[in-house]
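The structure appears right after this line, and notes come after that.
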Amino acid sequence: MSDEEADSEPAVSLGERTPVDGAPLARVSSRLTWPKEKSEVDRLEGDTVIRTPDGPRELSAVLEDVDETYFQRYQEFEGHVQDVIGTGPVPTADE
């Protein structure tokens with residue numbers, strides 16, 4: 001590839017940025033080391049607002065509905081949280 005080709009337009013148009021309130025759940029789980037107790041997750045990240053299909057929610061409120069008290073891996077944590085919040089499209093932020 002020549003320098004001329006590298007400076008050209010991107011192959012895919014990315015479109016306009018659409019703001020979304022809250023952090024992705026994966027970002028929250030990546031900031032923690034595993035295994036972790038639910039109370040420790042709440043202490044460290046409970047005030048974090050996460051994205052859900054119903055709009056942004058504080059992680060502490062979501063964890064109240066999670067029955068598990070200990071997560072071996074981040075996948076287990078994410079699975080239990082997704083059981084509470086659901087999966088699907090996330091609404092964009094109101095401007």
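Here are the numbers for the structure shown:
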{"read-out": "For E78, net neighbour charge (Lys/Arg +1, Asp/Glu -1) across residues whose Cβ lies under 14 Å away", "value": "+2"}
{"read-out": "Solvent exposure ordering (accessible area, 1.4 Å, most first) of D65, D42, D83, D94", "value": "D94, D83, D65, D42"}
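The values are calculated or read from the model by the stated rules, or taken from the named source; none is laboratory data. The shown structure was predicted, so the numbers you read here are calculated from the model rather than taken from an experiment. Please note: Cβ atoms are built from the backbone with ideal geometry, for glycine as well, and neighbour counts cover all protein chains shown. For accessibility, only protein heavy atoms count, side chains too; no ligands or nucleic acids. Shrake-Rupley method; radii C 1.70, N 1.55, O 1.52, S 1.80 Å.
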